Amino acid sequence: MNGSFNELSAIYLQIAAMIEDDVLRGILCEGEQVPSTNELARAYNINPATAAKGVNLLVDEGVLYKRRGIGMFVAEGARTAIVQKRKNAFYDAFVTQLAREAKALEISKEELTAMIERAASE
């Protein structure tokens with residue numbers, strides 16, 4: 001895991017996002033052990049409780065699972081779950097707003113599709 005923190009969101013959320021990013025990029029694979037909360041705390045110079053909060057968030061979402069006495073591991077289907085979660089967030093944050101603005105500007109579906117295709121090719 002690598003990265004740095006920003007002031008835009010809580011550190012534990014950024015820890016969870018970094019782990020998710022590593023799963024998406026294939027750095028952490030299903031069934032593979034993730035760094036412990038103490039390792040995360042040392043690596044990022046944060047409180048272990050903060051690291052644990054980020055890890056436990058992913059446990060609650062079914063992305064990670066605990067093996068008692070051994071550690072945390074990437075759950076089967078984690079990558080698919082993360083992709084779906086992020087697609088839903090993308091839809092909520094961007095697509096609905098885009099469609100609303102297009103409607104307000106009287107942009108047809110065809111025009112909007114052409115704009116998206118042009119932007120995707122740039």
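Quick note: the coordinates plus some simple rules give every number you see, no bench work behind them. If you're wondering where the values come from, they're calculated on a predicted model, not measured in any experiment. In this analysis, Cβ positions are derived from the backbone assuming ideal geometry, glycine residues included, and neighbour counts consider all displayed protein chains.
See the values below:
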| read-out | value |
| --- | --- |
| Table column - 3J(HN,Hα) (Hz), the stretch 106-122, Karplus curve with 6.51, -1.76, 1.60, x for Gly and Pro | 6, 8, 6, 4, 5, 5, 5, 4, 5, 5, 5, 4, 5, 5, 5, 8, 7 |
| Packing rank of 74-84, 21-31, where each peptide gets the mean count of other beta carbons within 10 Å, highest leading | 74-84, 21-31 |
| Between helix 78-90 and the chain: long-axis angle, C-alpha atoms, 0 to 90°, nearest 10 | 40 degrees |
| Other-chain or far-sequence residues with amide H under 5 Å of Leu64's (modelled H) | Val59, Ala75 |
| In sequence order, calculated HN-Hα J values of the stretch 23-29 (Karplus, 6.51, -1.76, 1.60; Hz; x Gly/Pro) | 5, 4, 7, x, 6, 10, 9 |
| 5 angstrom amide H check on Leu28, placed H, neighbours 5+ away | Val23 |
| Table column - 3J(HN,Hα) (Hz), the stretch 92-103, Karplus curve with 6.51, -1.76, 1.60, x for Gly and Pro | 5, 7, 10, 5, 5, 5, 4, 5, 4, 5, 4, 5 |
| Relative contact order (%) - the chain, alpha-carbon pairs under 8 angstrom, separation at least six | 22 percent |
| Residues Asp21 and Thr113, FRET efficiency given R0 of 35 Å [Cβ-Cβ distance, rounded to 0.05] | 0.70 |
